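Visitor: Take this structure, written in structure tokens, and hold onto it; I'll ask about it next.
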Amino acid sequence: GNINNLAQIGRKFILQGGTHRNLAVVKAQVDYIKSKVPDAEVYVHPYSGEAGAIGAGLLALEKFKKEGRTNFKGFEVIERLTYRATTSKETVCNWCPINCQRTFIDVYTGEGEGRPWSKVPLERGWVRLIVNNACPKGLVEDERELKVIKEKMERVRHEFPNIAHFVQKEAFKVSGQKVH
């Protein structure tokens, strides 16, 4: 998930993942982190690509232990994988003013329901993954799906209230008393 307030998670950051072999990516991320957390210590993992893969594997294992199942189809299926990626004006998210330039990754599984109603139609047998979105709303294409996402976000908001927002609201609330 995306983190909106970097300072709340600390001041030490380790960059991992294969993209961090590209120094321009590292520079951009360090600049961004330092703009949000000026005293941040930022490190690039010495084996960033491998660390990213290991991290993804550990998350998958954790999910498997919790749910007892996996969506992994096997290496044979991966060998024959058919997919296409689309990034265009039709994939731009319009649920908020940010207008994220999303990418639709369509994968043929033979089991997908398709999305014939989409701005980027998808035939039966295909499933869609949506990436490059800044928030959970960008994971969906239509209002029915958005309603489900908003309900989930509202449940999380109630379960884990934003204390900083509450304090800010209360600290600057108008009391109605006259100041002399």
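Visitor: In the list K147, K137, which residue meets the criterion of being surrounded by fewer than 16 Cβ atoms within 10 Å (Cβ to Cβ) and more than 23 Å from L81 (Cα to Cα)?
Guide: K147
Visitor: Under 26 Å from G112 (Cβ atoms), in a helix (DSSP H, G or I), among the basic types (K, R) and outside the structural domain of I130 (by TED's automatic domain parsing) - does that describe any residue in the stretch 82-89?
Guide: The initial filter retains those residues of the stretch 82-89 that are under 26 Å from G112 (Cβ atoms), namely 82-89.
Still in the list and also in a helix (DSSP H, G or I): 89.
From what is left, the residues that are among the basic types (K, R) are 89.
Next, from what is left, pick out any that are outside the structural domain of I130 (by TED's automatic domain parsing): none.
Looking through the stretch 82-89, none of the residues is under 26 Å from G112 (Cβ atoms), in a helix (DSSP H, G or I), among the basic types (K, R) and outside the structural domain of I130 (by TED's automatic domain parsing).
Visitor: Taking P97, is it within 30 Å of G10 (Cβ to Cβ), over 21 Å from the mean Cα position of the chain (by Cα) and part of a loop (DSSP other than H, G, I, E, B)?
Guide: no
Visitor: State yes or no: is G18 exposed (fewer than 14 other Cβ atoms within 10 Å of the Cβ), modelled with pLDDT under 90 and closer than 24 Å to I130 by Cβ? Before the answer, list the steps.
Guide: On the way: exposed (fewer than 14 other Cβ atoms within 10 Å of the Cβ): yes; modelled with pLDDT under 90: yes; closer than 24 Å to I130 by Cβ: yes.
For G18, the condition - exposed (fewer than 14 other Cβ atoms within 10 Å of the Cβ), modelled with pLDDT under 90 and closer than 24 Å to I130 by Cβ - is met.
Visitor: Could you check how many residues of the stretch 1-48 are in a loop (DSSP other than H, G, I, E, B), small (G, A, S) and touching a helix residue (DSSP H, G or I) at 6+ places or on another chain (Cβ under 6 Å)?
Guide: From the stretch 1-48, those in a loop (DSSP other than H, G, I, E, B) are 1-5, 10-11, 16-17, 22, 37-40, 45-47; that's our starting set.
From the residues that got through so far, the ones that are small (G, A, S) too are 1, 10, 17, 40.
From what is left, the residues that are touching a helix residue (DSSP H, G or I) at 6+ places or on another chain (Cβ under 6 Å) are 17, 40.
Summing the residues that are in a loop (DSSP other than H, G, I, E, B), small (G, A, S) and touching a helix residue (DSSP H, G or I) at 6+ places or on another chain (Cβ under 6 Å) in the stretch 1-48 gives 2.
Visitor: Criterion first (exposed (fewer than 12 other Cβ atoms within 10 Å of the Cβ) and either out of contact with any strand residue (DSSP E or B) (no Cβ under 7 Å at 6 or more places or on another chain) or modelled with pLDDT of 90 or more (or both)) does E79 satisfy it?
Guide: The answer is yes for E79.
This table checks each residue for (1) among the hydrophobic types (A, V, I, L, M, F, W, C); (2) under 22 Å from N94 (Cα atoms).
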| residue | (1), (2) |
| --- | --- |
| G112 | no, no |
| W117 | yes, yes |
| R124 | no, no |
| R128 | no, yes |
| N132 | no, yes |
| P136 | no, yes |
| V167 | yes, no |
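Visitor: Looking only at the stretch 170-180, decide whether some residue is in contact with a helix residue (DSSP H, G or I) (Cβ under 8 Å, 6 or more places away or on another chain) and either of a type in the set (A, V, I, L, M, F, W, C) or under 24 Å from N71 (Cβ atoms) (or both). Lay out the reasoning, then the answer.
Guide: Kept after step one, since they are in contact with a helix residue (DSSP H, G or I) (Cβ under 8 Å, 6 or more places away or on another chain), are these residues of the stretch 170-180: none.
So far as the stretch 170-180 goes, no, none of its residues is in contact with a helix residue (DSSP H, G or I) (Cβ under 8 Å, 6 or more places away or on another chain) and either of a type in the set (A, V, I, L, M, F, W, C) or under 24 Å from N71 (Cβ atoms) (or both).
Visitor: Please specify each residue of the stretch 150-165 satisfying the condition of being assigned to a loop (DSSP other than H, G, I, E, B) and surrounded by 12 or more Cβ atoms within 10 Å (Cβ to Cβ).
Guide: N162
Visitor: While we're looking at this one, here's another question. With the structure loaded, tell me whether G49 is over 25 Å from D31 (Cα atoms) and either among the small types (G, A, S) or at pLDDT below 90 (or both) or whether it fails that test.
Guide: no
Visitor: If you don't mind, there's one more thing I want to ask. If a residue must be modelled with pLDDT under 85, part of a helix (DSSP H, G or I) and over 21 Å from K12 (Cβ atoms), how many such residues does the stretch 52-76 contain?
Guide: So the answer is 0.
The values are calculated or read from the model by the stated rules, or taken from the named source; none is laboratory data. Bear in mind that the values here come from a model prediction, so they are computed numbers and not experimental data. All Cβ positions, even for glycine, are placed from backbone atoms using ideal geometry, and neighbour counts span all protein chains on display.
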